[in-house]
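What follows is a single structure, written as C-alpha cells, with notes after it.
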Amino acid sequence: MDSSTLEYASTDAAPVRRSAAALLWRRLSRNVMSLVAFGVIGAVALAAVGAPVIMPYDPDAPDADHALEAPSLRHWLGTDLYGRDQLTRIVYAGRVDLLVALAATAIALSLGALLGAVSGYRGGWLDQLLMRVIDTIQAFPSFILAMGIAAALGNSVTNIVIAIAITHVPIYGRLIRGEMLRIREMEYAEAARTVGNRQRRIIFHHLLPNCFPPVIVQATLAMGFAILTVAALSYIGLGIRPPTSEWGAMTAEGAGYIVSGEWWIFLFPGVAIMATVLSFNLVGDALRDVLDPRMKGV
Amino acid sequence: MLGYFVKRVLLVIPTLFGVTIVTFVLTYILPGNPALVKAGPLATPQHIAEMERRMGLDQPMVVQYGRYLSGLFRGDLGESHATGRPVLEDLIQRVPATLELTLAALLVALAVGIPLGVVAAVRRDGWLDHVSRLVGVGGVAMPTFWTGLLALYVFFYALGVAPPPLGRLGTGMTPPPRITGLLTVDALMTMHWRALGSALHQLVLPALVLGFSVMAPLTRMVRATMLEVLESDYIKAAWAAGLPRRTIVYGDALRNCMIPVITLIGVVFGFLMAGNVVVESVFSWPGIGNYAVAAMMSKDSGPIQSFVLFVGVVYVFVNLAVDLVYGFVDPRIRLH
Amino acid sequence: MTDLLTIEDLTVHFDTDEGVVQAVDGAALSIAAGEIVGLVGESGSGKSVTATAILRLLRPPARIVSGRIHFDGRDLLTVPEEAMRSVRGSQISMVFQSPRTSLNPVLPVGRQIERLLALHGGAAPGRARERAVAMLREAGIAEPERRAGQYAHQLSGGMCQRVMIAMALATNPRLLIADEPTTGLDVSIAAQILELLRDLGRRTGAAILLITHDLGVVARLCDRVVVMHAGQTVEWAEVRDLFHAPAHPYTRALIRSIPRVDREIVMEPIPGAIPSLLSPPRGCRFAPRCTLVQPECATRIPVQTIGEAHQVACIAVSGV
C-alpha cells in the first residue's frame with residue numbers, strides 16, 4: 001500500500017497566485033455588496049473614460065432656458081445656474097477626481113516603495129533619516145498638510161496631485177520597509193551561501209511578490225482617501241478650480257442653493273463621491289480578506 | 001515607567017523641529033515675493049532690494065530658517081493682510097471657537113462611538129453590529145462637507161429645527177462674559193441661560209456633523225479591538241473559571257479594550273482637526289480653520305502656513321498627552 | 001470505584017468554509033476520583049477539543065453532534081448553562097498552555113485568585129486574600145504576599161503557570177484539566193510544574209486529566225493513559241502497560257518511534273500521514289496506514305479488553 005500524501009497546498013508561488021484569483025472571485029461573488037462595489041467602480045471608470053461618447057450634453061455649454069431645473073427625464077440630475085446638465089458634469093468631474101486620485105496614489109506608491117525599500121535594505125543612518133522624514137510627514141493630520149502644500153504650490157491639478165501624494169508616502173514607505181526587514185531576516189539564513197550581487201537580486205526578487213498583496217489593499221483603500229481629500233480641498237477652494245469641474249467644487253457651488261431649496265446641485269456630486277469611495281473601500285476590504293487574512297478586522 | 005515618560009517627552013523635540021522645518025519650507029516656496037508685498041506697489045527696484053536685504057531674503061536658506069525659528073519663539077507668525085493684525089493674535093482670538101466645536105464633537109464621537117463599537121463586538125452579527133458596520137463603512141466614505149450640507153438642508157431648510165449657520169450665537173444675542181472663551185461653558189458658569197440656549201442651539205448641528213464623521217473610524221477601531229480582546233487567552237480562561245458573563249465581557253474584556261482605545265483618541269483628534277476646517281467652512285463657524293481658508297481666499301497665504309504649524313504643534317502635544325496617559329494606565333508600562 | 005467523569009461516544013464537528021471538519025469521532029474515556037489520566041495524541045488528534053467539550057466551552061463553528069459526559073450523576077451536555085457555570089472553576093477547573101497570556105494583564109494575580117474564591121466560596125468572606133496568598137505559597141511561589149500584588153508580565157513563565165495552578169486548585173475542584181501545561185516552558189521548569197501538579201493533586205484529592213503530545217510527560221506523571229488518533233480514542237491502559245505492551249497498531253508505532261538512549265533502536269516514522277478530518281475514512285481512521293488492516297475495519301471498531309484496565313479499539317488485536 002502506498003503511503004498517502006498530505007492534501008496540503010504546495011509551497012510553490014504559482015499555484016497560490018492562481019488560486020488567489022479564484023478565491024477572490026469566490027469571496028466577491030459570495031458577498032453581494034462587494035460585487036456591487038466592483039460594478040460601481042467599473043461603471044465609474046467606464047463612464048469616465050467614455051464620457052465624451054456617452055454623455056449627450058456638453059458639460060460646459062450654458063443653456064439659459066433650462067437653468068436650475070429639478071431632476072427630470074430630460075436632465076436626470078437636474079441643471080445648475082447656467083443650465084448645464086448635472087449628470088454630464090458629474091461624469092466629467094469624475095474623470096478629474098479619478099485621475100487625481102490615481103496619479104497621487106501611483107506617485108505615492110512609487111516614492112514610498114523606493115524610500116521603504118532603500119530604508120529597510122540599507123538600515124543604519126539612512127534608515128533613521130528616511131524614517132524621520134516619514135515621521136515628520138505623519139506629525140500633521142494628513143489633510144492639514146495637504147492644505148499647506150496645496151496653498152504653497154498653487155491650485156493646479158499637478159500641484160494637488162503632488163500635495164496628496166506627499167501625504168500618502170508614509171503609508172507605502174512603512175509597509176515596504178516592514179516587508180523588506182522581514183525578508184532580510186529570512187534571507188540571511190540563505191545568504192551564507194550567496195555572495196554579493198546575487199544576494200541583492202534574491203532579496204528584490206522575493207520582495208516584490210511578497211509586497212504585492214498588502215500594497216494592493218492599501219492602494220485601493222488609499223484611492224478612497226485621495227478622492228475625499230481632493231474633494232475637500234476643492235470645496236474650501238484650495239483644490240481644483242473652475243472651469244475644470246470636480247465633485248467637491250460642484251458641491252461647493254451647490255452650497256449656496258440650500259437656502260433656496262435647489263437641493264440637487266449639492267446633493268448629487270456628494271453622492272458620486274460617496275458611492276465611489278465606498279466602492280473602493282469595499283473592494284479594498286474584500287481584497288484584504290483574500291490576500292492578507294492576518295489584517296482582518298482592522 | 002519613568003524611562004518611558006522621559007523617552008517619550010524627549011521625542012517631542014525632534015518632531016517639533018521637523019514640523020517647523022516643513023512649515024518653513026512651505027512658507028519659503030510660497031509664490032510671490034514677500035518683500036514686494038511689504039515694500040508696497042510704488043516701490044522702486046532699489047526699495048525692493050533694500051527690503052529684501054532687511055528681511056534677510058538674500059541669505060542662504062539655513063540662515064533664513066534660523067530667523068524663522070527665532071521669530072516663532074518670539075511669537076511672530078507673520079501678519080495677516082486681511083485683518084492687518086499679527087497672525088498669532090488672530091489665531092488666539094479664534095481658538096476658543098474651534099476648541100468648543102472640537103470638544104463637543106469629541107464628546108459626541110466618544111459617547112456614541114465607543115459603546116457602539118463595544119456592543120457591536122459583544123453581540124456579533126446582531127442588529128447593532130450591522131448598524132455599527134454600516135456607520136463604519138458608510139461614515140468613512142461620506143465627505144464631511146457633504147454631510148454638513150445635507151444636515152443643513154434637512155434640519156435647517158426642510159425641518160426648520162436648526163438655526164441658520166451664521167456663527168456661534170443667534171442674531172441679536174449678547175455673548176456671556178468671557179471666562180474660558182467657550183460660550184457654552186461661560187454662559188453656564190455665569191448663568192446666562194438664554195445665551196446658553198442660543199449657543200447650544202448653534203453648536204448642535206456642526207458638532208453632530210463633525211462628531212459623526214469622526215465616529216465612523218472610531219467605531220470600526222473599537223469594534224476590532226474588542227473582538228480581538230474577546231478572543232484572547234485570558235478571556236477563554238475566565239470562561240473556564242466560571243466567571244459570570246457580565247464580569248468577563250463588561251469587566252475584564254472592556255478594561256483591556258479601553259487601554260488601546262486611549263491611543264486611538266490621538267488618531268481621532270487628528271481626524272477632528274482635519275474635519276474642523278471643512279465643518280467651520282460649511283457652518284461659517286468663526287474658528288481657526290475658517291480663518292485659514294478665508295485668508296487663502298483673499299490671496300493671503302501666510303496665515304495658512306501658520307495655521308498648519310499651529311495644528312501640527314497641537315497635534316504633537318495631543319499625541320504626547322495620549323501616550324503619557326496610556327503609559328500610566330497600562331500596568332505593563334507603568335511597572336517596568 | 002465509581003468513576004468521577006465518564007465521556008461516552010463524543011462527536012464534535014466544526015463548520016468551516018472548506019467544509020465540515022469531523023474533529024472528534026465517538027471518543028470515550030473515564031476518570032476515577034484522585035487519579036491522573038493522560039490524554040495523548042499528535043496535534044490535530046482532537047484531544048484539546050475533547051477536553052474543552054467537558055466544560056462545554058466550545059464555540060461555533062464547533063458543534064457537539066452527539067455524546068454524553070457523566071459527572072456527579074448528571075450529563076454535562078444536557079444541563080442548563082447556569083448549572084455549568086457552577087461546575088466551571090469550582091468542581092472542574094482548567095489550566096491552559098501559554099500561562100502568561102492566560103492571566104488577565106491588568107489585574108494583579110492575587111486579585112484574580114481572590115475573586116474566584118469570592119465567586120465559588122472557597123474561603124470565608126474577608127479571608128480571600130489570605131487564602132490566595134496561601135495557595136500561591138503552596139504552588140511553590142516564593143514571597144507570595146509580594147507576588148500577589150504583581151501583574152502577569154512581572155512573573156516568569158514558570159511562575160505564571162504556578163499561579164494558574166494555584167487559581168485552579170484554590171476552589172478545591174474534583175477534577176483539574178491541564179491542557180499542555182508544560183509546552184513552551186523550560187525543561188527544568190516543566191519538570192517542576194509536573195511535580196507540583198502531582199503533589200497538589202494528591203494533597204487535594206483532585207483527579208487530573210493531562211492533555212499532552214509528549215509521551216515523556218505521560219510516563220512521568222500519569223496513572224493511566226488514553227491514546228487518541230485523528231479524533232478517535234484508540235487505547236486505554238495503565239502507564240506501565242502502555243509502554244511495555246502497547247496493543248493498538250498506532251500506539252505501537254508511536255512507542256516505537258520514540259528515540260531511546262538505553263538501546264539501539266531503528267527509528268521508524270509512522271508511514272503515511274494523519275487523515276484529513278474533512279473527509280475522514282469510514283470506521284477506523286488509522287486503517288489507511290495500518291499494517292494489520294482488514295476490510296471490516298471500515299465498518300466497525302470493537303473495543304476489546306486485553307488486560308486488567310487495558311482496552312483497545314481494534315479488530316486485529318486478540319483478547320487475552
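Here, each number is a calculation from the coordinates, and none is a lab measurement. Every value quoted in this text rests on a predicted model; they were computed, and no experiment measured them. Neighbour counts are summed over all protein chains in view; Cβ atoms, including those assigned to glycine, are modelled from backbone coordinates with ideal geometry.
For this structure, a couple of remarks:
- Remark: the protein assembly as shown carries a charge dipole of roughly 1420 debye about the Cα centre, counting +1 on each Lys and Arg Cβ and -1 on each Asp and Glu Cβ.
- Förster radius 30 Å - calculated FRET efficiency between B:Val12 and B:Met189 (Cβ-Cβ, nearest 0.05): 0.35
- Partner shielding of A:274-282 amounts to 3, given as the average count of beta-carbon atoms from other chains within 10 Å of each residue beta-carbon.
- Charged side chains reduced to their Cβ positions (Lys and Arg at +1, Asp and Glu at -1) give chain B a dipole of some 540 debye around its Cα centre.
- Amide proton proximity set for C:Val65, modelled H, under 5 Å, gap of 5+: C:Thr11, C:Val12, C:His13
- Normalised per residue, the volume of the convex hull around the Cα set of the protein assembly as shown (Å³): 241
- Nearest 10 degrees, 0 to 90: helix B:45-55 Cα axis against chain B principal axis: 40
- Computed on the range A:80-158, the Cα convex hull volume stands at 116 Å³ per residue.
- Relative frequency of Cα-Cα separations exceeding 16 Å in the range B:126-236, percent: 69
- Our compactness index for the range B:274-335, the C-alpha radius of gyration over the empirical 2.2 N^0.38 Å, is 1.58.
- Share of pairwise Cα separations in the range C:162-243, more than 16 Å, in percent: 52
- The Rg/Rh ratio for the range C:182-300 is 1.01, where Rg is the radius of gyration of the alpha carbons and Rh is the Kirkwood radius.
- Computed on the Cα atoms alone, the convex hull of the range A:208-298 gives a volume of 111 cubic angstrom per residue.
- Estimated from helical segments only, the mean residue ellipticity of the protein assembly as shown at 222 nm is -19500 deg cm²/dmol, where each DSSP H run of four or more residues counts as -39500 (n - 2.57).
- Approximating the spin labels as points 7 Å out from Cα along Cα→Cβ, the C:Ala118-to-A:His205 distance works out to 6.3 nm.
- Residues of type aspartates and glutamates that B:Lys7 reaches as a straight line, Cα spacing below 17 Å, ignoring anything fewer than 8 places off in the same chain: A:Asp135, B:Asp323, B:Asp330
- The fraction of Cα-Cα pairs per 5 angstrom bin, counted from 0 for the range A:81-127, comes to 5, 19, 13, 12, 10, 10, 8, 7, 6, 5, 4, 2, 0 percent, rounded to whole percents.
- Within the shell of other residues whose beta carbon sits under 11 angstrom from the beta carbon of C:Lys47, the net charge comes to -3, with Lys and Arg scored +1 and Asp and Glu -1.
- Alpha-carbon centroids, the range C:221-238 and the range B:270-336: separation in whole Å: 64
- Working from Cα pairs under 8 Å separated by at least six residues, relative contact order for chain C is 21 percent.
- Each peptide in A:269-275, C:57-63, A:128-134, B:285-291 gets a packing score, the mean of other Cβ atoms within 10 Å over its residues, and the list from highest to lowest is B:285-291, A:269-275, A:128-134, C:57-63.
- Calculated FRET efficiency for the pair B:Ile29/B:Ala49, C-beta based, R₀ 25 Å, to 0.05: 0.75
- With all pairs of different C-alpha atoms in the average, the Kirkwood value for the hydrodynamic radius of the range C:41-132 is 15.4 Å.
- Taking the convex hull of Cα positions in the range B:12-163, its mean projected area over all directions (nm²): 15.2
- q = 0.13, 0.19 Å⁻¹: log10 I(q)/I(0) that the Debye formula gives for the range C:97-192, counting C-alpha atoms only: -0.40, -0.85
- Axial C-alpha extent at least 20 Å, average Kyte-Doolittle at least 0.0 - helices from chain C (DSSP): C:187-204
- Within 10 Å of each Cβ in C:165-171, the average number of Cβ atoms from other chains: 1
- Folded to 0 to 90 degrees: helix B:302-329 orientation relative to chain B principal axis, Cα: 30
- A cut-off under 9 angstrom between Cβ atoms defines the neighbours of A:Gly78, and their net charge, with Lys, Arg +1 and Asp, Glu -1, is -4.
- Shielding score for C:96-109, defined as the mean number of other chain Cβ atoms within 10 Å: 5
- 0 to 90° range, to nearest 10: angle between helix B:2-28 axis and chain B longest Cα axis: 40
- Compactness relative to 2.2 N^0.38 Å, alpha carbon Rg of the range B:182-336: 1.39
- FRET E, pair C:Thr78, C:Gln294, Förster distance 30 Å, beta-carbon r, rounded to 0.05: 0.20
- Projected-area mean, chain C, by convex hull of Cα positions, square nanometres: 17.8
- Rounded to two decimals, the Cα-based Rg/Rh of chain B, with Kirkwood Rh, is 1.05.
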